[in-house]
Amino acid sequence: MIKIKINKTKHPKMKPKDEDDIVFGSIFTDHMFIMDYIEGKGWINPRIEEYKDFKISPAALVFHYGQSMFEGMKAYKTEDGRVVLFRPMKNIERANKSNQRLCIPEIPEEDFLEAVKELVKIDEDWIPTKKGSSLYIRPFVIATEPSLNVVPSKEFKFMIILSPVGAYYKEGLNPVKIWIEDEYVRAVRGGIGEAKTGGNYAASMLSQEKAHEAGYSQVLWLDGIEHKYIEEVGAMNIFFKIKGKIITPMLNGSILRGVTRDSVIEVCKDMGLVVEERKISVEELYEAAKDGSLEEVFGSGTAAVISPVGTLKFGSDVFSINNGNIGEVSQKVYDTITGIQKGVVEDKHNWLVEIS
Ligand code: COI
């Protein structure tokens, strides 16, 4: 187990007064975790110190060739005052899968969890308590070796920062508008689509900007080979309710293995719903939207939680889903997952890990 050196700030910051006004990811807590990697020495020097800027070489490999990984998880304060994490080991496993794909050294799972717990404990007063809010945890690794050679870095930094957050979308739980992107793609099979790494998100920004200009929140990506099968939305996995069944694209190497996605599948099964993880073509979706059998659409993600989709645009055709209202399943899944996180719904799968 790592021994974390703790050096607390002498200048704690003001905490946000109104949790409803927080723009996602715009405010950071007092402390951060840092651990260095040096080839031959491994992960060394774990420490928690004041959240502040740090020095890095302009030649650091991360700036040039993008060797980096990030994760997103959350800490919650339950109604009875406990501080909990939601399925942290799933994120930690996924982080190491991303690391493997990107030639980043793996981080021992227990050390990763210990770092998250210690940091959250120190900044526990920053956890917002209002419904729908939480403390977003952003662990990440960057390649820090100064080199312009396209080879894996011999030096890295693993850091964790924390940010109190409310809803990811300005719409909150109101349905968002999404368009199906048929020009650009986010990822291809055999590429890095499954890894949580900055490049996938950089690749998504141009389409997202186009979508924003047209009044849409995000884009729905199609597969990179045939442009035929549904993959995921910018910051979320996607679910459809068609003729009573819940359908989500199966994991194929280019779709993110969402922790919330996995939780939604379990919760839907607990509700007695049939869940199909399979390929779903854009034609099948279009037909279902046209004949009225597409009953609900919602996205899932750590940041977004559950985000109902009220409008879906296919080329020049625009469909309203469930008359633009949140569907029954979307609402129930949202209530169940956020209820477990707040400790008011039974945690029958033992998803919560208590910190204090
Ligand atoms: C998350 O849901 O935690 C994510 O990482 C999505 C993010 C890009 C905001």
- line: Simple SL model, points at 7 angstrom along Cα→Cβ for E124 and D291; separation in nm is 5.6
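Subtract the Cα-Cα distance of H212 and M250 from 0.36 nm times their separation in residues, and report this length gain in nm to one decimal.
Gain in length upon complete extension: 10.9 nm.
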query: Which of the peptides 139-149, 56-66 is most tightly packed, and how do the rest follow, going by the mean number of other Cβ atoms within 10 Å of each residue?
result: 139-149, 56-66
query: What number, in percent, do you get for the relative contact order of the stretch 19-162 if the mean sequence gap of Cα pairs under 8 Å and at least 6 apart is divided by its residue count?
result: 37
statement: Rounded to the nearest 10 degrees, the helix 282-291 long axis (Cα) sits at an angle to the longest Cα principal axis of the chain of 50
- request: Calculate how many DSSP beta bridges within the stretch 165-246 are antiparallel, expressed in % of all such bridges and rounded to the nearest 5.
  value: 60
query: By how many degrees, between 0 and 90 and to the nearest 10, does the Cα long axis of helix 259-270 differ from the longest principal axis of the chain?
result: 50
- prompt: Can you give the relative contact order of the chain as a percent, counting alpha carbon pairs under 8 Å and 6+ residues apart?
  reply: 19
task: Using 0.36 nm per residue of separation minus the Cα-Cα distance, give me the extension gain between R278 and E79 in nm, one decimal.
output: 67.9 nm
Top of V188, V309, V151 by mean-square fluctuation, Gaussian network on the chain, Cα under 10 Å: V151
task: Wrap a convex hull around the Cα atoms of the stretch 176-341, take a quarter of its surface area, and give that in square nanometres.
output: 8.8
- request: Using only the alpha-carbon atoms of the stretch 225-294, report the extent along each of the three principal axes, biggest first, to the nearest angstrom.
  value: 29, 28, 18
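For the stretch 176-341, calculate the relative contact order in percent as a whole number, restricting contacts to Cα pairs under 8 Å that are 6 or more residues apart. Could you put the intermediate results ahead of the total?
Numbers: 320 pairs, mean separation 38.9, N = 166.
Once normalised by length, the contact order is 23 percent.
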- prompt: In degrees, nearest 10, range 0 to 90: what is the angle between the Cα axis of helix 328-341 and the longest Cα principal axis of the chain?
  reply: 20
task: Subtract the Cα-Cα distance of K52 and T9 from 0.36 nm times their separation in residues, and report this length gain in nm to one decimal.
output: 14.5 nm
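Give the dimensionless ratio obtained when the Cα radius of gyration of the stretch 5-165 is divided by 2.2 N^0.38 Å.
1.07
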- prompt: If the viscosity is 1.002 mPa s and the temperature 20 °C, what Stokes-Einstein diffusion coefficient in µm²/s follows for the chain when Rh is the Kirkwood radius over Cα pairs?
  reply: 101
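Read the figures in this text as sums done on the coordinates, not as results from a lab. These numbers were taken from a predicted model, which means no experiment stands behind them. No Cβ is skipped: glycine too gets one built from the backbone with ideal geometry, and neighbour counts run over all protein chains shown.
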